Amino acid sequence: MGTVESNVGLTSVKQKLKKEQRQLFFKRLISNKLMVTGGMTILFLMIVTLIGPFLVSHDPYEMVVQDRLQAPSAEHLLGTDEFGRDLLSRIIHGSKVTMGVGFSVAAITSLLGMIIGLYASYYRFLDHILMRICDGLMSIPAILLGIALMAALGPNTKNVIIALSIVFTPHVARVIRSAAIVVREQTYIEAMKAQGASTWRIIWGHMMPNTISPLVVQATFIFADAIITEAALSFLGAGVPAPDPSWGNILYDGKLVIFNAWWMTVFPGIMIVLSVLGLNLLGDGLRDLIDPHTNQGKK
């Protein structure tokens, strides 16, 4: 009976401890103002991206020449562009392209960067080869490399994702490599090698889980950088081609009439600022949540 009672008591203590840990984590999450603000901003933009196209009444591709360059009104809440297309509808549909490109680039670079970083940290001969390639790519400014790749691939949404993935993968690989090297030097990794554990098990079973935290934080910043770079490429005419709307090519159309139709640059610019600001706040908040010492250092 004593053994049963002690087991029951130990189980209740563990449950209580887990409950207290969840409460502590929730309190830290709520008190993290950066993460809450950034998360709410991105949640709002995601809702606009997913639900917005079903709520707008105007076709983003419909041209009504007599309504061209109309100021914001009850009929067109954000005005119209130089072809008479509803700007609100184009911005909302453009969010699917811009946010979709940003998310896709963040996902692809996270996967490729993790693979490159993990194997570079484990195999020293690969480290010299892969990191020198990454250094070479990182030495070229992102926008210039993006323009060069788009010139080679051709302007369309799929090629924008491919080009930006090539641009930002080295940044993720460097972060993962740094985190994985710290894990590789741990005593238990050496013990697993001595016991004959397979390379696959060591890399993906033990090193990879310890790189998830910095990877998630880095992915939010890559998401933001991809949105800015896609907008810059589209603004320069090397990104998403017309007539498909994106925040960047809406700005490109607006620069020609900026003094006569301010709304064509202000409103898509606000969306870009909101998305990038929200993602950076979310990334900073995640970093503070994962590593409390960073937050203490700021104070």
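One line per residue, one yes/no per condition, for (1) within 19 Å of Val36 (Cα to Cα); (2) buried (at least 21 other Cβ atoms within 10 Å of the Cβ); (3) in contact with an Asp or Glu (Cβ under 9 Å, 6 or more places away or on another chain); (4) modelled with pLDDT under 85:
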{"position": "Gly237", "(1), (2), (3), (4)": "no, no, no, yes"}
{"position": "Val240", "(1), (2), (3), (4)": "no, yes, yes, yes"}
{"position": "Ser246", "(1), (2), (3), (4)": "no, yes, yes, no"}
{"position": "Asn249", "(1), (2), (3), (4)": "no, yes, no, no"}
{"position": "Leu277", "(1), (2), (3), (4)": "yes, no, no, no"}
Ala71 meets each of (1) buried (at least 20 other Cβ atoms within 10 Å of the Cβ); (2) touching a residue at least 40 places away in the same chain (Cβ under 8 Å); (3) under 29 Å from Ile258 (Cβ atoms) with one exception, condition (1)
If we scan region 83-92, do we find a residue that is over 30 Å from Arg177 (Cα atoms), surrounded by 21 or more Cβ atoms within 10 Å (Cβ to Cβ) and of a type in the set (Asp, Glu)? yes
Could you list, in sequence order, all residues of region 252-266 that are surrounded by 21 or more Cβ atoms within 10 Å (Cβ to Cβ), of a type in the set (A, V, I, L, M) and either assigned to a helix (DSSP H, G or I) or at pLDDT below 85 (or both)? Met264
Is it the case, given these coordinates, that Arg177 is over 30 Å from Phe235 (Cβ atoms), surrounded by fewer than 12 Cβ atoms within 10 Å (Cβ to Cβ) and at pLDDT 90 or above? no
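The values are calculated or read from the model by the stated rules, or taken from the named source; none is laboratory data. Given the structure is predicted, the values throughout are model-derived calculations rather than measurements. Glycine also receives a Cβ, built like all others from the backbone with ideal geometry; neighbour counts cover every protein chain displayed.
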